[in-house]
1. Tell me which residues, restricted to the stretch 268-279, are in contact with a His (Cβ under 9 Å, 6 or more places away or on another chain) and assigned to a loop (DSSP other than H, G, I, E, B).
2. For the structure I just gave you, tell me whether Thr321 is touching an Asp or Glu at 6+ places or on another chain (Cβ under 9 Å) and either under 28 Å from Glu106 (Cβ atoms) or surrounded by fewer than 16 Cβ atoms within 10 Å (Cβ to Cβ) (or both).
3. Go through the stretch 210-226 and give me each residue that's open to solvent by 60 Å² or more (accessible area, probe 1.4 Å) and among the acidic types (Asp, Glu).
4. Just one of (1) part of a helix (DSSP H, G or I); (2) of a type in the set (A, V, I, L, M); (3) touching a residue at least 24 places away in the same chain (Cβ under 8 Å); (4) within 22 Å of Ser104 (Cβ to Cβ) trips up Val155, so point out which.
5. Would you mind finding the one in Thr321, Thr282 that is part of a helix (DSSP H, G or I) and in contact with a Gly (Cβ under 7 Å, 6 or more places away or on another chain)?
6. Search the stretch 170-192 for residues that are assigned to a helix (DSSP H, G or I) and pair each with any residue that is open to solvent by 50 Å² or more (accessible area, probe 1.4 Å) and modelled with pLDDT of 95 or more when their beta-carbon atoms are under 7 Å apart and the residues are at least 6 apart or on different chains.
7. Of the residues Arg170, Arg231, which is at pLDDT 95 or above, within 30 Å of the chain's Cα centre (by Cα) and among the charged types (D, E, K, R)?
Amino acid sequence: MPATKITSRSLSIAVLMGLVLVGVMHAQQLRRKPMRAARPPLIPQEFEGVFFVDVLKQLVGQPPSASDLASSSTEADEVVTSDASGNSNSSGSAIWKERISGQSIEDLVKEGKRRLDSIVTTPAKFAAGSYKDARREFTLQAILFAVIEMYPEKVRWQNSATIARGRFSRMAANAKVATGPAFNEAKLRMEDLGTLLKGSPLNDTSPIAELNWSEIADRVPSMQVLEWAFRENLNRFVASEAEFKSHTDETLKFAELIGMIGETLHQPGMNDADDGEYKSWTSQMILEAKHIADAVKLNNPTMAREAAGQLDKACNACHNTFR
């Protein structure tokens, strides 16, 4: 009888231990990590053309140094730039760097000199009508050198920009009529451009008038510059993917030129600069010009063509109201 009790007790203990063991194993199974899918095989050249092989090689220019970053931070504290809509809230000159690059400015000055070489040739041709073209070209030069004068970083001809701006602005005003003195002055101003392009400075001891945008960028020749930049050049370059890809530099340059001219239309003293509707259309023009410039940098011809269409609409709407 005692032996039977011992056997039953032992059996009970064994059963209890078994149940505990089963519970522990079940708990471990519940905590077991889920099954992971096998890593897919890597196929050679699968991502070729999607990612850059060497990202650093895609950067343009030298990376900024610590001193450059510190200087940029200081300048950012001093100047508030414009917003994306094209409305300037700048207290300084940083807005011009947003509108146009130093390289585009330099190219436009050089190309303007070549066009003037074929415009200002003889007094007879000048009187026959080329004085109108000369007025447009010297207005463009006056605007460019005014921007150079105000540019927030070092660009070519900056030391002579104030003198050049004054001379070209006065020349553009005098070219409203075809006179002998106007032709002679045009020849002198072309010599000034030649001097600058050769790397020599302009010298002038006489007082120079303060920068006055209403005198520099008269509306008629400024609008002629815009028409020429958009209708005769930019619009053609974005008409097809082939044209876009073969004229990327020119597309960027003319887009920046349009943005720069648009910004001059907002400057204090300019006609209708305070008119809300006028500023809305010119701001739209600036914005679409920026979109075209961005499309060049992104190599996106569709984006450029669509922005050009919106730019055309803004120009037409503005002309219908204010021309």
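The values are calculated or read from the model by the stated rules, or taken from the named source; none is laboratory data. Everything numeric in this text was worked out from a predicted model, so none of it was measured. In this analysis, Cβ positions are derived from the backbone assuming ideal geometry, glycine residues included, and neighbour counts consider all displayed protein chains. Remember, those area values only see protein heavy atoms, side chains included, never the ligands or the DNA or RNA. Shrake-Rupley method; radii C 1.70, N 1.55, O 1.52, S 1.80 Å.
1. Ala273
2. Working: touching an Asp or Glu at 6+ places or on another chain (Cβ under 9 Å): yes; either under 28 Å from Glu106 (Cβ atoms) or surrounded by fewer than 16 Cβ atoms within 10 Å (Cβ to Cβ) (or both): yes.
Answer is yes for this residue.
3. The first filter runs over the stretch 210-226 and keeps only residues open to solvent by 60 Å² or more (accessible area, probe 1.4 Å), leaving 210, 215, 220, 224.
Selection gives Glu210, Glu215.
4. Just one mismatch for Val155, condition (1).
5. Criteria check complete, one pass: Thr282.
6. Qualifying pairs under 7 Å: Gly180/Pro123; Ala182/Asn174; Phe183/Pro123; Glu185/Asn174.
7. When all the criteria are applied, what remains is Arg170.
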